[in-house]
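The block underneath contains the structure these notes are about, expressed in structure tokens.
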Amino acid sequence: MFQALAKSSAVPGPQAAGWVQTMASHKLLVPPPKALLKPLSIPKRLLLGPGPSNLPPRIMSAGGMQIIGPMDKEMYQIMDEIKEGIQYVFQTRNPLTLVITGSGHCALEAALVNVLEPGDSFLVGVNGIWGQRAMDIGERMGARVHPMTKDPGGHYTLQEVEEGLAQHKPVLLFLTHGESSTGVLQPLDGFGELCHRYKCLLLVDSVVSLGGTPLYMDQQGIDILYSGSQKVLNAPPGTSFISFSDKAKKKMYSRKTKPFSFYLDIKWLANFWGCDGQPRMYHHTIPVISLYSLRESLALIAEQGLENSWRQHRETTAYLHGRLQALGLQLFVKDPALRLPMVTTVVVPAGYDWRDIVSYVLDHFDIEIMGGLGPSAGKVLRIGLLGCNATRENVDRVTEALGAALQHCPKNKL
């Protein structure tokens, strides 16, 4: 039987021959890329910029596991465990807590596209690039956007925000907890209560701050909180997560118009992530391997404990600040209470081009630090101590590299 099957399949019939001819009816214009015929080569590098961060061995191992079906019961179990991990790091009991397939930008867009409708008043704290991005997305959606603009390094007081709430009567306020472009840590106590007094929801970006400094979603009255996988959690970039309070859910579920995005429609995502108590329906193909890694990153921080992680970042960054000042470098954020423990901004020393310093550190020490971004571009160097990278050993390595850069990089006479 197998011989007959082989014989019958060896010579294509007339119909099959027609298919072959049709498939080969054109010559290939584009040859196989020569670069793809070579082995993949990745440099060994210490990532001490504002993110992404290096991956711990356990998370790298998770990324090498075999894929399973995105709607298998085992995958649903992993998704449920991820939700519990997010609730832990967010310190929330919100049932509407889930993962977004996309970076932190995608989570920000998911929040705005579901909460805001055309014509809604949107108050935005713009003290760095993330406020600028929130303002841009809000404008694209037809919201009436009211920026509260601060110079890089600035933060917001309760009085300043109350003045904006009273004047513009917004449905939503955006604040960045950890502004990674400027190195500012925005205080959050009292802002949720203040917003609710003015019938406004509070949306907070915690992409870089989550896991590295105290954050309490429920106790601080935050209505919408989002973060990303690639900072303190040390997972690969490409997934983010978000949680909504009951107040935020009510606003989204009572909207008069459909969200502009089907992909980011929270009602669909809530069902797919098991947040609505209904049988799960397919929405999109989730990045299974990335979710393995995210699950393990949440497991690692659960094992360490949030308070221990906060302490690790606070103490290691204090050590970094001392080493930087010993080199004669100036910290960009003047008030120590407002310095972000995960990303330190350093004033570019007079006479130096920041590009020369960044390039020297990378080329001679295989350490990546970054320059400024958005409104801080050209003004600062940014050094990140994120998750497993927040060690005294790494501080010694990067400050040694910076010291060598200051000796060897060209310096212009002013």
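The values are calculated or read from the model by the stated rules, or taken from the named source; none is laboratory data. The structure presented is a predicted model; accordingly, all values stated were derived computationally and were not measured. Note that each Cβ is placed from the backbone with ideal geometry, even for glycine, and that neighbours are counted across all protein chains shown. Surface accessibility is based on the protein's heavy atoms, side chains included, excluding ligands, DNA and RNA. Shrake-Rupley method; radii C 1.70, N 1.55, O 1.52, S 1.80 Å.
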In whole percent, how big is the carbon plus sulfur part of the accessible area of the chain, probe 1.4 Å, protein atoms only?
-> 57 percent
Send over the per residue convex hull volume for segment 218-309, Cα only, as a whole number of Å³.
-> 133 Å³
Positive-end extreme of charge dipole, the chain - chosen from G63, I42, V343 (charges on Cβ) | I42
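Based on Cα coordinates alone, diagonalise the gyration tensor for segment 210-261, multiply each eigenvalue by 5, take square roots, and list the semi-axes in whole Å, largest first. Write out the running numbers ahead of the final one.
Details: eigenvalues 131, 58, 5 Å².
Taking √(5λ) for each Cα gyration eigenvalue gives 26, 17, 5 Å.
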Calculated from backbone phi, Karplus (6.51, -1.76, 1.60) coupling profile of segment 367-378 in Hz, x at Gly/Pro | 10, 9, 10, 10, x, x, 9, x, x, 9, 4, x
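Can you tell me the order of 76-82, 222-228 when each peptide is scored by its average per-residue count of other Cβ atoms within 10 angstrom, highest first?
Details: 76-82: 16.4, 222-228: 28.0.
Per-residue mean Cβ counts within 10 Å order the peptides as 222-228, 76-82.
Counting residues in segment 268-322 as N, plug N into 2.2 N^0.38 Å and put the Cα Rg over that result.
Numbers: Rg = 17.7 Å, N = 55, 2.2 N^0.38 = 10.1 Å.
With N residues counted in segment 268-322, Rg over 2.2 N^0.38 Å equals 1.76.
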According to the Cβ-distance criterion of 4.7 Å, cysteines of the chain with no possible disulfide partner are C106, C275, C388, C409
Lysines whose Cα lies under 21 Å from that of K199, excluding same-chain neighbours fewer than 8 positions away = K169, K247, K249, K250, K251, K256
Cα radius of gyration and Dmax for segment 124-273 (Å) = 15.1, 42
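For segment 78-122, divide the Cα radius of gyration by the Kirkwood radius and give the resulting Rg/Rh value with two decimals.
Details: Rg = 12.8 Å, Rh = 12.1 Å.
Rounded to two decimals, Rg/Rh equals 1.06.
Show me 201-208, 188-195 ranked by packing, highest mean number of other Cβ atoms within 10 Å first. Intermediate results must be reported in sequence, preceding the final value.
Working: 201-208: 27.4, 188-195: 18.8.
My ranking of the peptides, most packed first, is 201-208, 188-195.
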Whole-angstrom gap from segment 84-132 to segment 193-272, using each part's C-alpha centre = 4 Å
Cα-derived Rg over Rh, computed across the chain with Rh taken as Kirkwood radius | 1.06
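When DSSP assigns beta bridges and you keep just the ones with both residues in the chain, what percent turn out antiparallel, to the nearest 5?
Around 50 percent antiparallel, to the nearest 5.
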In Å and from the alpha-carbon atoms only, list the Rg and Dmax of segment 306-408.
-> 13.0, 41
Debye, to nearest 20: dipole size of the chain, +1 on Lys, Arg Cβ, -1 on Asp, Glu Cβ | 880 debye
Using amide H atoms built 1.01 Å from N in the peptide plane, name the residues 5+ places from H146, or on other chains, whose amide H lies under 5 Å from its own.
-> F122, L123, V124
Student exercise, segment 306-408 dipole from Lys, Arg, Asp, Glu Cβ charges, in Debye to nearest 20 = 360 debye
Can you tell me the order of 271-280, 141-150, 94-103 when each peptide is scored by its average per-residue count of other Cβ atoms within 10 angstrom, highest first?
-> 94-103, 141-150, 271-280
Measuring with a 1.4 Å probe in the full set of protein chains, what accessible area per residue, in whole Å², belongs to segment 278-414?
-> 47 Å²
